[in-house]
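The values are calculated or read from the model by the stated rules, or taken from the named source; none is laboratory data. Quick caveat, the model's predicted, so the values are computed rather than measured. Note: ideal-geometry Cβ built from the backbone for every residue, glycine included; neighbour counts use all protein chains shown. SASA here: full protein model, heavy atoms, side chains in, ligands and nucleic acids out. Shrake-Rupley method; radii C 1.70, N 1.55, O 1.52, S 1.80 Å.
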Amino acid sequence: MASETEEEEIQLWQTVAPVEFAPKLESKSDAQALLITARQGMGFFVAGGQLAHALLSRATHVLLDYSSAACAIRYQVDGNWEQLPPLDRETGDAMLYAIKQLCLMNPADRRGAQRGKIELKLGRDKYQMSVQSQGIASGERVMIKLEPEKLPFEKLSDLGMRDKMIEQFKEQLNGEGNITLISATKGEGLTTLWTVALNVADRLIRDFQSFEPAENPEPEIINVGPNLFGGETGKSELEVVNKMVLREPDVLVFPNPPQPESLKVCLDQVETAQRQVIHRGVADNALTALLTFLNRYPELRQQIVKFTGAVVHQRLVRRLCDQCKVGFEPPPKLLAQLGIPQGRIAMLYQPFVPPPIEQQVDEKGQPAPIPPCPACNGRGYLGRIGIFELLQPGPELKKALTQTDDAGQLMAVAKSEGHRGTQAEAILTVARGLTSLEEVRRVFSKR
């Protein structure tokens with residue numbers, strides 16, 4: 001397998017109790033037989049330990065890159081990639097064989113594109129694991145996504161939304177005769193924001209009906225009725241929408257872009273019966289989300305503009321670790337640059353950065369390394385928090401939206417009506433001590 005010296009070294013997968021695997025097979029006996037077969041290979045224990053280590057490290061993604069000599073491993077923690085010690089190729093191959101086997105993929109295929117899923121259990125917590133593998137010139141690349149079964153957020157405030165914005169957003173979310181759009185930057189928590197938003201809406205007193213493709217249905221949300229189309233249903237989206245509209249639901253939910261004909265039916269319901277449409281989409285900001293929606297349906301533009309009540313948008317930044325963050329008194333020049341009135345806040349915060357190792361000494365000058373923060377493991381950040389933008393088009397912006405797609409002109413009009421963009425909201429998040437100025441600069445410098 002490897003040299004004796006390498007075997008004597010403790011690997012990360014050996015430092016933790018392994019996860020439990022639950023293959024996605026309908027028959028319990030078939031699942032148990034698969035586990036027994038997989039357990040006979042060494043890779044089963046490597047996979048179980050490596051995945052447990054990833055989960056305990058708060059990783060949401062694991063990237064495996066195979067070359068001729070090794071398997072490089074990276075974790076994505078709080079949106080940032082971290083390099084880990086590699087596995088030798090033989091151990092890495094054994095681990096991947098087990099993962100593919102358990103995820104009902106073909107372990108022998110190292111070149112083609114494959115996908116698979118499995119459920120993991122670590123302690124009392126359950127996770128859904130999705131795997132994508134693809135052969136590349138240097139070997140093979142495998143992306144593993146780890147999602148907790150139980151959403152760790154229940155309220156909009158848990159995501160970081162300000163109280164005043166929550167009130168404004170919920171007023172629109174629970175309104176009548178409007179369109180509400182929910183958006184986020186790609187890869188920055190759109191599914192979570194969508195789920196939390198629907199969970200805080202008044203689903204107990206209004207009838208919510210969602211329209212979803214049968215091949216890719218949404219996770220269940222209590223009191224949101226799923227209406228499937230396509231696939232084995234043999235029904236078109238428009239058929240399903242027309243049938244449901246006859247039952248007079250209050251809220252029509254579209255996780256995916258509806259067909260123009262389906263949207264037209266729903267917009268007529270918004271106009272004549274005070275129904276509501278809720279939709280989500282990926283965008284870089286709230287205005288772009290609205291323009292993307294409008295440009296997808298040029299013949300419906302006037303109606304969409306007329307009834308759009310709110311567009312909420314989310315970007316994610318790392319949240320400062322409360323146990324080790326360091327406060328500092330901001331100089332007047334910095335406050336002026338940030339647009340914060342002098343005297344408004346006494347302290348800003350930044351992550352703790354230990355001094356160079358040679359300066360980590362005790363009172364006698366002896367080496368005294370500073371241990372990493374036990375909460376964040378020395379990262380300085382713990383989890384992520386949303387930067388939210390809430391666009392509520394006023395009369396002037398609605399008028400401008402019927403005349404131009406120029407984002408610069410439209411944003412100027414929005415701001416004249418009191419709109420606050422994501423960067424202004426980010427500064428508020430810094431002022432609230434939730435993230436650092438360095439982190440905001442890092443995120444907003446991305447292209």
Requested in this report: Evaluate region 172-187: report whether one residue or more is surrounded by 14 or more Cβ atoms within 10 Å (Cβ to Cβ) and of a type in the set (D, E, K, R).
Outcome: no
Query raised in the report: Is it true that some residue in region 234-257 is among the hydroxyl-bearing types (Ser, Thr, Tyr) and out of contact with any Gly (no Cβ under 8 Å at 6 or more places or on another chain)?
Result: no
**Report entry** In region 87-102, the residues that are of a type in the set (D, E, K, R) and either surrounded by 15 or more Cβ atoms within 10 Å (Cβ to Cβ) or farther than 23 Å from Arg74 by Cβ (or both)
**Finding:** Asp88, Arg89, Asp93, Lys100
Report task. Only residues that are over 20 Å from Leu391 (Cα atoms) and part of a loop (DSSP other than H, G, I, E, B): list them for region 180-205, please. Result -> Gly187, Asp202, Arg203, Leu204, Ile205
Query raised in the report: If you take the residues in region 250-293 that are part of a helix (DSSP H, G or I) and among the polar types (S, T, N, Q), which one is nearest to Arg420 (Cα to Cα)?
Result: Thr288
Query raised in the report: What is the residue count in region 407-429 for residues that are polar (S, T, N, Q), out of contact with any Ser or Thr (no Cβ under 6 Å at 6 or more places or on another chain) and open to solvent by less than 30 Å² (accessible area, probe 1.4 Å)?
Result: 1
Query raised in the report: Within the bounds of region 202-211, is there any residue that is surrounded by fewer than 17 Cβ atoms within 10 Å (Cβ to Cβ) and within 25 Å of Leu428 (Cβ to Cβ)?
Result: no
Requested in this report: Find all pairs meeting these conditions: Cβ atoms under 6 angstrom apart; at least six residues apart or on different chains; first residue within region 233-249 and in contact (Cβ under 8 Å) with a residue 12 or more places away in the chain and of a type in the set (S, T, N, Q); second residue assigned to a loop (DSSP other than H, G, I, E, B) and surrounded by 14 or more Cβ atoms within 10 Å (Cβ to Cβ).
Outcome: Thr233/Ala214
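Yes or no, residue by residue, for (1) crowded, with 18+ Cβ neighbours inside 10 Å; (2) of a type outside the set (S, T, N, Q); (3) more than 18 Å from Phe21 (Cβ to Cβ):
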position	(1), (2), (3)
Ala47	yes, yes, no
Gln50	yes, no, no
Pro85	no, yes, yes
Leu104	no, yes, no
Lys126	no, yes, no
Report summary line: Flagged pairs (Cβ under 8 angstrom, 6 or more apart or on separate chains; first in region 404-433, over 20 Å from Gly309 (Cβ atoms); second of a type in the set (Phe, Trp, Tyr)) are Gln423/Phe444; Ala426/Phe444; Gly433/Tyr349
Query raised in the report: Would a scan of region 222-232 turn up a residue that is open to solvent by less than 70 Å² (accessible area, probe 1.4 Å), under 19 Å from Leu190 (Cα atoms), part of a strand (DSSP E or B) and not aromatic (Phe, Trp, Tyr)?
Result: yes
**Report entry** Flag for Leu34 being over 21 Å from Pro107 (Cα atoms), surrounded by fewer than 21 Cβ atoms within 10 Å (Cβ to Cβ) and in contact with a Leu (Cβ under 8 Å, 6 or more places away or on another chain)
**Finding:** no
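Each row is one residue, and each column tells you yes or no for (1) open to solvent by 70 Å² or more (accessible area, probe 1.4 Å); (2) in contact with a strand residue (DSSP E or B) (Cβ under 6 Å, 6 or more places away or on another chain); (3) not small (Gly, Ala, Ser).
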{"site": "Cys321", "(1), (2), (3)": "no, yes, yes"}
{"site": "Gly327", "(1), (2), (3)": "no, yes, no"}
{"site": "Pro332", "(1), (2), (3)": "yes, no, yes"}
{"site": "Pro341", "(1), (2), (3)": "no, no, yes"}
{"site": "Ile357", "(1), (2), (3)": "yes, no, yes"}
{"site": "Arg379", "(1), (2), (3)": "no, no, yes"}
{"site": "Leu401", "(1), (2), (3)": "no, no, yes"}
{"site": "Ala431", "(1), (2), (3)": "no, no, no"}
Report task. Evaluate region 394-406: report whether one residue or more is within 25 Å of Glu154 (Cβ to Cβ) and at pLDDT 95 or above. Result -> no
Requested in this report: Output the residue which, of all residues in region 131-164 that are assigned to a loop (DSSP other than H, G, I, E, B) and free of Cβ contacts under 8 Å to residues at least 24 places away in the same chain, is farthest from Trp194 (Cα to Cα).
Outcome: Ala137
Query raised in the report: Are there any pairs, at least 6 apart or on different chains, whose C-beta atoms fall under 7 Å, with the first in region 213-225 and of a type in the set (S, T, N, Q) and the second surrounded by 15 or more Cβ atoms within 10 Å (Cβ to Cβ), and if so, which?
Result: Asn223/Arg203; Asn223/Phe208
